[in-house]
Structure formats: structure tokens, C-alpha cells
Amino acid sequence: MDKLDRMQQLHQLFTTHRQPIQIGTLAEKLECTPKTVRRLIDSLRDYFSAPVDYVQGRGWAYVNAPNQLFQLPGLWLTAAELQSMALLLHVLEKFGNGLLNEELKAIEHEVHKLLKTRKIHPKSLMDRIKVLPLGHRTIPNDIFLRVGDALLRSQQITIVYTNFNNKTSTRTVSPQSLLYYRDNWYLDAWCHKQHAIRSFSLARIDRIIQTENNQPAHIVPRQEREEHFSGSYGIFAGKGVHTATLRFQKAIAREISMQQWHPKQVGRWDGDDYVLSFQYNDERELVRDLMRYVPELIVESPLSLRRSLISRLQDGLNVLQKP
């Protein structure tokens with residue numbers, strides 16, 4: 001029995017007994033030690049603000065105000081756990097009819113069992129909590145499976161890839177890791193053509209070329225990979241060479257202050273404005289994201305980023321103004 005289950009049982013004991021209960025009796029009913037019961041009581045107080053208190057000489061009980069009855073929240077998942085669980089079920093639903101149907105069915109069964117121990121019905125979760133894949137791109141099962149196989153076997157693969165500018169090239173890469181970012185899958189890999197780490201959208205891999213010999217992958221040390229991908233903004237990784245300083249005005253300042261744009265960002269309040277700074281090396285994704293916050297945004301530096309944002313906005317206006 002895990003901690004959450006015991007907390008639920010402890011709550012039931014307090015709500016069904018009219019009189020305070022001694023710690024020894026609680027330990028016996030929960031099949032644990034008195035020390036564990038005390039930790040559970042502390043957790044009820046700290047996490048759920050439960051009105052549990054010791055009644056001198058009689059034991060522990062809920063001490064409620066008149067006409068009030070304390071109830072535990074019905075959702076036994078944190079926000080992060082709920083988001084992860086909903087995303088996992090969403091992925092299972094999307095891939096459930098593909099080549100891995102039987103294997104994923106076993107995983108789905110375990111997820112459903114876990115949810116039920118938290119008093120959550122899986123169908124209710126999927127009906128009431130949605131994951132909206134606004135920018136999701138479909139990936140052929142064959143591409144996904146062969147990339148995943150090469151990754152887990154540490155083998156090189158040769159891909160035919162069409163980049164963002166619609167230029168197609170053939171590259172041999174050594175897969176390092178798979179990344180699920182903004183509703184799309186990316187492969188972080190060592191590119192043997194560029195002799196550097198690159199990120200490839202799986203949806204832009206046109207095909208994988210079958211080779212006779214499966215060459216072992218060139219493995220980049222984990223620390224080096226982490227430094228490469230944490231130094232810049234978004235999917236365009238690499239060492240940051242520019243520092244963006246962004247001023248968000250009062251209307252959206254509080255919202256921005258609660259967001260993480262970069263692992264090493266620096267934020268500060270300047271009156272009602274919130275000023276955010278971080279490094280980047282490729283402005284394309286950053287410019288697209290900044291457009292969402294115009295006109296409550298001022299790009300203080302660098303000048304090149306400000307000009308790129310202005311140019312992008314002007315291009316949009318020119319298109320809208322065409323007859």
C-alpha cells in the first residue's frame with residue numbers, strides 16, 4: 001500500500017469515527033507503525049490543510065467548525081503528474097492502432113490500473129482533460145520505429161531529410177535521443193556530414209535508406225549534449241551567441257514572470273514591467289514566439305532581433321493589405 005492510499009484510509013477513519021482515535025489504533029487499522037501514522041497526519045495537514053489535531057488525553061480527530069465537513073480533493077494527481085498522464089494516454093490512443101498495438105495495450109492496462117488506485121476512471125480523464133495537438137504532424141509508423149530501433153541499438157542510419165526551407169539532403173546520422181517538443185517528435189543526432197549535433201524533425205524525414213552494414217553510432221557524452229541543448233532558445237540548440245533582452249508591459253508582465261523561456265533566463269521587475277533576458281543562437285523560433293505578445297512587448301536588444309521582428313510583422317501587414 002502506498003502513501004496516498006494510506007492517507008485516503010486515514011481520512012476515512014477520521015470521517016467515520018465520532019470520537020478521537022488513539023495513535024496505536026490508527027497504526028493497527030492502517031497496518032503500519034505509529035511513526036508512519038504521524039507522518040501521514042503531517043502530510044494531511046501540510047498538503048491538504050486537513051483540520052486534524054490531537055485532543056488531549058483522547059486521541060486524534062478532525063476538529064471542524066460547526067456545520068463543516070472536511071473532504072479530501074477528488075483528484076489524486078499533481079498538476080505535473082496529471083499533464084504527464086493525460087499526454088501518455090493521448091500518445092497511446094494515437095499509436096494504439098499501429099504496429100505496436102499489442103505491446104502498447106499492456107502499457108495502457110498498467111496506466112489504467114494506476115489511475116484507478118487514485119480513484120480516477122481512465123475514460124473520465126480522457127473525456128474531461130484534453131491534450132490539444134495544435135501543431136502536431138503525422139509521422140509514418142515505419143519512420144518512427146526505425147529511428148527508435150537505431151537509437152536503442154546505438155546504430156547509424158542514413159536519412160533523406162527535407163528541412164524548413166524545403167531543401168532535401170541525404171545524411172548519415174548517429175541518433176542520441178528522441179525529444180517530444182511542442183506536440184512533435186525530434187531526433188537529436190550527430191550528423192556525420194556536418195560533424196556536429198543537429199536536431200531533425202521526424203515528420204521531415206522522407207525515408208530511411210537501407211544499408212548493408214549497420215555501423216555503430218558515434219555517441220556524444222551526455223554532459224556535452226546537455227550543454228549543447230541548454231545554451232540556446234527552443235529547438236535551435238547550440239551555444240548561445242546573442243542575448244535577448246525583452247520588456248513585457250503591465251498587461252502581460254505577471255503572466256510572463258511565471259513562465260520559463262530558457263533554463264538560464266534572468267528576470268526582473270522594473271516598475272509594472274517585467275524584463276527577461278536569455279541567450280539564443282538562431283532567432284527564427286524566437287521571432288515567431290515574440291509575435292504573440294505584440295504590442296505589449298518591447299525588444300530592447302539586440303537591434304538585429306528587433307529589426308527581424310519588425311520585418312516579420314511588416315510582411316504580415318503587406319499580405320493582409322493586398323486587395
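Bear in mind these aren't lab numbers, they're just calculated from the coordinates by the rules spelled out. Just so you know, these numbers come straight off a predicted model, no measurement behind them. Every residue, glycine among them, receives a Cβ derived from its backbone with ideal geometry; neighbour counts consider all protein chains shown.
Structure above, values below:
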read-out: FRET efficiency estimate (nearest 0.05) - Cβ-Cβ, Arg307 to Asp273, R0 22 angstrom; value: 0.50
read-out: Restraint check, Lys3/Lys116; Lys167/Lys239; Lys193/Lys264; Lys3/Lys35, Cα-Cα greater than 21 Å; value: Lys167/Lys239; Lys193/Lys264
read-out: For the range 145-160, 3J(HN,Hα) per residue [Karplus equation, 6.51 cos²θ - 1.76 cosθ + 1.60, θ = phi - 60°, Hz, x = Gly/Pro]; value: 5, 6, 5, x, 5, 5, 5, 6, 8, 6, 10, 6, 9, 10, 10, 9
read-out: Radius of gyration, Dmax [the range 167-323; alpha carbons; angstrom]; value: 18.9, 64
read-out: Using a Förster distance of 22 Å, the FRET efficiency for His17-Arg45 (Cβ separation, nearest 0.05); value: 0.75
read-out: Cβ charges +1 (Lys, Arg) and -1 (Asp, Glu), total dipole of the range 180-323, debye; value: 240
read-out: Cα radius of gyration and Dmax for the range 137-219 (Å); value: 11.6, 35
read-out: Cβ-placed point charges (K, R +1; D, E -1), dipole of the range 242-320 about Cα centre in debye, nearest 20; value: 40
read-out: Net charge dipole size for the range 3-62 [Lys, Arg +1 and Asp, Glu -1 on Cβ; Debye, nearest 20]; value: 60
read-out: In nm, spacing of pseudo-spin labels at Gln321 and Arg247 (7 Å Cα→C-beta vector); value: 2.6
read-out: Simple label model, 7 Å out from Cα along Cβ direction - Lys167 to Leu152, nm; value: 3.5
read-out: Relative packing of 26-33, 311-318, which averages over residues the other C-beta atoms within 10 Å, highest first; value: 26-33, 311-318
